[in-house]
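This report refers to the structure that appears directly beneath it.
Just so it is clear, none of the values below were taken in a lab; they were calculated from the coordinates. All values derive from a computational prediction rather than experimental measurement. Note that we place each Cβ from the backbone using ideal geometry, even for glycine, and neighbour counts take in every protein chain shown.
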Amino acid sequence: MGAAPGTPRLGVVFVHGFNSSPNMWDPLRRLMGADPSLSYVDTLPFGYATQLWVLDPRRTIPTFDTVADSLKEYVDTEAGEFDRLMLVSHSQGGLVVQRYLARMTAEGRGADLRRIGRIVLLACPNNGSEIALSLRRRLLRRNPQEEQLRPLNEQIADTQRAVLRDIVNAGQVTAGSCPIPFSVYAGESDSIVPPASARSVFPDAAVLPGDHSGIARATDPDDRTYTTLRRLILLTSASAEPPAGAPAEPPAGSPGRPGDRPTEPVSPTALPGTFAVVAAAERIPDMDDAAFRLTIVRLMRDSLSADAGFSAAYKAHPRDHLVEIVERCRSHRDAPAALAAFRDAVTALRPDDAATGELRAVLAHLR
């Protein structure tokens, strides 16, 4: 799946981990810069103070709250020009990102988070890290960042509950909530943050090759961390919303807009863009219900010929799942028939809804 022509620019904010720096992302950023399919992407490495100890009495190691507020200002200012963002973090950086999200919703700024299309956590110690724990307690006892990397930290647990409630499982954008898909990955040979801690309770969690640092240091375009990140970037771009206040409509050149018939005959093989279909479909009542979406897939499978069939991988986040279904339609051996089957399945389940009429208009030329 490649980005459609005219895809809006996407800012990818990188957040490093404990005792590290923004330079750790250089290999990944070079790969992205050399990838023609990601030419619309800008990489934004966020840096913050983190070290084992401070000897200068005039300096201190910032707490997670302080770093989260620094990230908030970075997103508002350095990333302020982007209508769409994606945050990618490694290790402790994932805890910083979660603290940022929790503080934003607590401040009533949930609507300001809607331009963030995805959060990616690589080897994040969601349940803490036990490696060299007794030694860390003795040598780093005044390091506020190390304290929050310990298992069963109360503030980390509170932050995670807030993120699950107000971000991961949120149903709509409000002052105190904003649904954002999380993609969470553990390193298969990571002894610092074991897979159980990295995956934690997040619904969309998986494993990538590499140890704790290797998972984030892809140097080859075939490295699975890079191919996964590239897929997530393209997925996030495909599911992008229009800027606030803009009408939800297909991109220029798409066959028809919601509520309008095409003014010129459209070739039967012309396919509307993924955004056009998803933007209409996600407004249909119950589309955020996984059982409803799975029923649509079942009806599509039943309606298409047996030799063609249809399948789409399940995704926990409703928009991710819709993008997956629509992209599978567009890559189907009989793409017009698959998209028509999607339209007809939705119409059968929600025939009288206004949003269903919009979806029919987007796909009206398909028979």
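Here are some notes:
- Long-range HN-HN contacts of PHE14 with modeled amide H, under 5 Å: LEU44, PHE46, VAL88
- Amide H contacts under 5 Å for VAL207: ALA186, restricted to partners 5 or more places along the chain or on a different chain, H placed in the peptide plane at 1.01 Å from N.
- Over 13 Å [Cα-Cα, region 305-367], rounded percent: 64 percent
- Computed 3J(HN,Hα) for region 336-352, one whole-Hz value per residue from the Karplus formula 6.51 cos²θ - 1.76 cosθ + 1.60 where θ = phi - 60°, is x, 5, 5, 5, 5, 5, 4, 4, 5, 5, 5, 4, 5, 8, 9, x, 9, glycine and proline marked x.
- Estimated at 0.36 nm per residue, the fully extended path between SER303 and ASP222 surpasses their Cα-Cα distance by 25.4 nm.
- 5 angstrom amide H check on CYS124, placed H, neighbours 5+ away: SER91, TYR185
- Phi to ³J(HN,Hα) by Karplus 6.51 cos²θ - 1.76 cosθ + 1.60 over region 209-214, Hz, x for Gly, Pro: x, x, 8, 5, 8, x
- The gain in end-to-end length when the ASP211 to SER21 segment is fully stretched comes to 66.6 nm, 0.36 nm per residue minus the alpha carbon separation.
- FRET efficiency estimate (nearest 0.05) - Cβ-Cβ, SER331 to THR174, R0 51 angstrom: 0.90
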